[in-house]
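Below is one structure; the comments refer to it alone.
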Amino acid sequence: MASDPFFSAVLGRRTVYALSDSSPIPDSRIQEIVVKAIKHSPSTFNVQSARAVILLKDEHRKFWDYALEFIKAALPEEVVKQLGARIAGFRAAYGSVLFFEAKADLDALAQEHAIVAPFITEWSDTSSGINQFAVWAALSAEGLGANLQHYNFLPPLVEKVKAEWNIPQDWLLKSQLVFGTPTGGPREKTFKPVEDRVKVYGQ
């Protein structure tokens with residue numbers, strides 16, 4: 001069927017934590033994938049509010065060093081021990097894609113379409129998720145493993161990121177996709193009964 005190659009990529013996208021600091025594809029190909037996703041993924045009213053920052057090698061490691069620094073400053077020691085081990089794993093990978101939404105674009109959209117303004121944040125999150133999934137599935141299809149993180153819950157880290165990489169203040173950090181060459185497989189995945197999750201009427 002025509003959609004089989006698409007669903008092959010969808011099914012191949014899994015959460016992989018065991019990653020090395022290498023890549024089976026060149027950096028230019030990683031950039032090409034992210035650009036395609038940001039350019040072509042749909043957005044509400046075609047607002048095109050999605051933004052992305054690609055961090056590779058030392059720049060990627062710098063981000064996770066900052067994450068650990070601000071976690072140590074903000075959280076209890078027992079939590080730091082748990083998250084510290086996880087962050088060491090993220091840091092050991094090859095790169096991260098930071099996904100943002102441009103607040104200025106969203107605010108302009110809310111002013112233009114006041115009747116739907118209360119829903120724009122939700123729709124923005126939906127659009128961002130589409131971009132994240134597109135990049136994740138594409139990188140997986142190219143032989144990279146990846147996992148999605150949300151270390152944007154620390155405002156000092158977000159501010160440090162904006163200062164370090166000259167990111168506009170109105171960009172809202174949504175997630176971090178960590179990627180590298182897999183050194184282990186994904187965990188076993190179980191599924192709830194699909195008949196309880198999909199309903200069909202009018203068949």
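The values are calculated or read from the model by the stated rules, or taken from the named source; none is laboratory data. Values in this document were obtained by computation on a predicted structure and should not be read as measured data. FYI the Cβ positions are ideal-geometry reconstructions off the backbone, even for glycines, and counts take in every protein chain you see.
Points worth noting:
- Looking across segment 137-172, the residues that are under 21 Å from Ala88 (Cβ atoms) and not in a helix (DSSP H, G or I) come down to Leu144, Gly145, Ala146, Asn147, Leu148, Gln149, His150, Leu154.
- Scanning segment 70-86 for residues that are of a type outside the set (Lys, Arg) and without any contact (Cβ under 8 Å) to a residue 40 or more places away in the chain yields Leu75, Pro76, Glu77, Glu78, Val79, Val80, Gln82, Leu83, Gly84, Ala85.
- Note on segment 6-37: among residues that are among the β-branched types (Val, Ile, Thr) and surrounded by fewer than 16 Cβ atoms within 10 Å (Cβ to Cβ), the one that is nearest to Gly89 (Cα to Cα) is Thr15.
- Qualifying positions in segment 1-24 - small (Gly, Ala, Ser) and not in a loop (DSSP other than H, G, I, E, B): Ser8, Ala9, Gly12, Ser20
- Enumeration of residues in segment 41-58 that are assigned to a helix (DSSP H, G or I) and either crowded, with 18+ Cβ neighbours inside 10 Å or without any contact (Cβ under 8 Å) to a residue 12 or more places away in the chain (or both): Thr44, Asn46, Asp58
- For segment 83-105, the criterion of a residue being acidic (Asp, Glu), more than 30 Å from Leu144 (Cβ to Cβ) and touching an Asp or Glu at 6+ places or on another chain (Cβ under 9 Å) is satisfied by no position.
- Val34 fulfils the conditions (1) farther than 30 Å from Asp107 by Cα; (2) at pLDDT 95 or above; (3) assigned to a helix (DSSP H, G or I) except for a single criterion, (1).
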